[in-house]
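Worksheet: the structure to be examined is printed underneath.
The values are calculated or read from the model by the stated rules, or taken from the named source; none is laboratory data. A quick note: this is a predicted structure, and the numbers were derived from the prediction, not measured. Using ideal geometry, Cβ is built from the backbone for each residue, glycine included, and neighbour counts are taken over all protein chains shown.
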Amino acid sequence: MNIADCRKALVHHWFLNMTGGEKVCEALCEILDAPDMFTILADPAVLSPELQKSSLTTSFVQKIPGALKYHRYYAWMFPVAVELLDLNAYDLVISSDSNTVKGVITRPETCHICYCHSPMRYAWSMYHEYLKNSGPIRTALTSLVMHYLRLWDYSAAGRVDFFACNSTAVRHRIRAYYRRDAKVIHPPCDIERFQVSCRSQDYYLCAGRLVEYKNVALAVGAFSENGMRLVVAGEGPQKEYLKSIAKNNIEIVGWVSDEELSGLYAGCKALIFPGEEDFGIVPVEAQACGKPVIAYGRGGARDTVIPGKTGLFFTERSPEALKATIAEFESTCDRFDPSAIRDHAERFGRRRFQKEFLEFIQECLDEHDNRFV
């Protein structure tokens, strides 16, 4: 069956903002000609014009008072909500998942492709980190719920016909937790909205959501010690804590617009990326501006940063290791060519993602059809 002949559905875990996963859905909706969309819950106000072209069906969780704001407390309901989504009318189902929507129930004749942003972090790879600051009662209750979710999630992965994922690191997690292989298709980045900058001011930049696992505190600690200027852009629950430990050479500017962020990329000496991400769009955006990236050498950064050409890695999660890598960068920064860095970032553009994903879909459809010959 050809893609054009399929009745198509796109399932995403939720639409509560327009970040990386939602941008993937946007790119898929464009090439699949507005497929029907399904989700656990959604805030219609955040949907981009491209997403608004598709019909959108939400689960029963959408009707629970306060669910949009406190959705994480309803995670134990998500498996049931996902299984109640009726996808019997479709020949091709694509799930965009970092939670539970891979567990949708489809007909045997339906080809189900999952684009996995990551197996649910709070149940698998970051389980113990999420429990770290919990009291004994919360730990006991959470561990019971997570045990159930892991059993369900492993079973749900078996309902997927073909997996794709956003990075090599996530491919390894899929192998470890689901015992399945996946094709790496890096997600889309809007490269075109960034321009190469050959000018640098006297600051380094750290950008993104200010949450614990992003490890921004490590960067703030390192720069508090080395005295160099650091600008931190982003919002999140760690903002006030970061302000409390930051010295005068560190400026925490909070939320910035896309235009302001582009200006910060253009003016920085390099981006500091201290967390372990599934993929990480921010390093690609910085490189689209011709800026090197100093990153923790695990996770998605290993797919997006070339050591010695587009940035440097530090391999130990400590202020000392980051300071040493910054010192190495300071002594070798002249060897980083902004044009070459931009050329590398071009590999992660939107059109490239769409082309690769369309080819993957057709390959999957062909293989799936052969099972019913």
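Does at least one position in segment 188-199 carry a residue that is of a type in the set (A, V, I, L, M) and more than 19 Å from the chain's Cα centre (by Cα)? Break it down stepwise before answering.
To start, the set of residues in segment 188-199 that are of a type in the set (A, V, I, L, M) comprises 191, 196.
Pick out the ones that are also more than 19 Å from the chain's Cα centre (by Cα) and you get 196.
Yes, segment 188-199 contains a residue that is of a type in the set (A, V, I, L, M) and more than 19 Å from the chain's Cα centre (by Cα).
Of the residues making up segment 291-337, just one is at pLDDT below 95 and hydrophobic (A, V, I, L, M, F, W, C), namely 333. Restricting attention to segment 245-259, which residues are surrounded by fewer than 17 Cβ atoms within 10 Å (Cβ to Cβ) and touching a residue at least 12 places away in the same chain (Cβ under 8 Å)? Scanning segment 245-259 gives 245, 247, 249, 251, 253, 254, 255, 256, 258.
Number of residues in segment 271-290 that are at positive phi and surrounded by fewer than 24 Cβ atoms within 10 Å (Cβ to Cβ): the value is 0.
Remark: pairs (first residue in segment 354-373, assigned by TED's automatic domain parsing to the domain that holds residue 30 and loosely packed, with under 14 Cβ neighbours inside 10 Å; second residue part of a helix (DSSP H, G or I) and not charged (D, E, K, R); Cβ separation under 8 Å; 6+ apart in sequence or on different chains) = 362/3.
For segment 208-255: of the residues being part of a helix (DSSP H, G or I) and of a type in the set (S, T, N, Q), which is nearest to residue 329 (Cα to Cα)? Show your work before the answer.
Start the filter on segment 208-255 by keeping residues that are part of a helix (DSSP H, G or I), which leaves 212-214, 216-226, 239-245.
From what is left, the residues that are of a type in the set (S, T, N, Q) are 224, 226, 244.
Details: 224: 18, 226: 14, 244: 28 Å.
Across segment 208-255, the extreme among qualifying residues is 226.
Only residues that are surrounded by fewer than 21 Cβ atoms within 10 Å (Cβ to Cβ), in contact (Cβ under 8 Å) with a residue 12 or more places away in the chain and either touching a Ser or Thr at 6+ places or on another chain (Cβ under 8 Å) or more than 26 Å from residue 74 (Cβ to Cβ) (or both) were counted across segment 140-172, and they come to 6. Where strands (runs of 3 or more DSSP E) fall entirely within segment 256-373, those with at least 3 residues that are touching a Gly at 6+ places or on another chain (Cβ under 8 Å) are at 293-296. Taking residues in segment 226-243 that are assigned by TED's automatic domain parsing to the domain that holds residue 275, and partners anywhere that are of a type in the set (S, T, N, Q) and surrounded by fewer than 18 Cβ atoms within 10 Å (Cβ to Cβ), the pairs with Cβ atoms closer than 7 Å and at least 6 places apart or on different chains are 227/249; 228/249; 229/249; 230/249. Count of segment 30-47 residues, restricted to those that are without any contact (Cβ under 8 Å) to a residue 40 or more places away in the chain and either in contact with a Pro (Cβ under 9 Å, 6 or more places away or on another chain) or within 25 Å of residue 121 (Cβ to Cβ) (or both), is 6.
Going by the conditions given, is residue 50 touching a strand residue (DSSP E or B) at 6+ places or on another chain (Cβ under 9 Å) and either among the aromatic types (Phe, Trp, Tyr) or assigned by TED's automatic domain parsing to the domain that holds residue 119 (or both)?
Details: touching a strand residue (DSSP E or B) at 6+ places or on another chain (Cβ under 9 Å): no; either among the aromatic types (Phe, Trp, Tyr) or assigned by TED's automatic domain parsing to the domain that holds residue 119 (or both): yes.
When the stated conditions are applied, residue 50 does not pass them.
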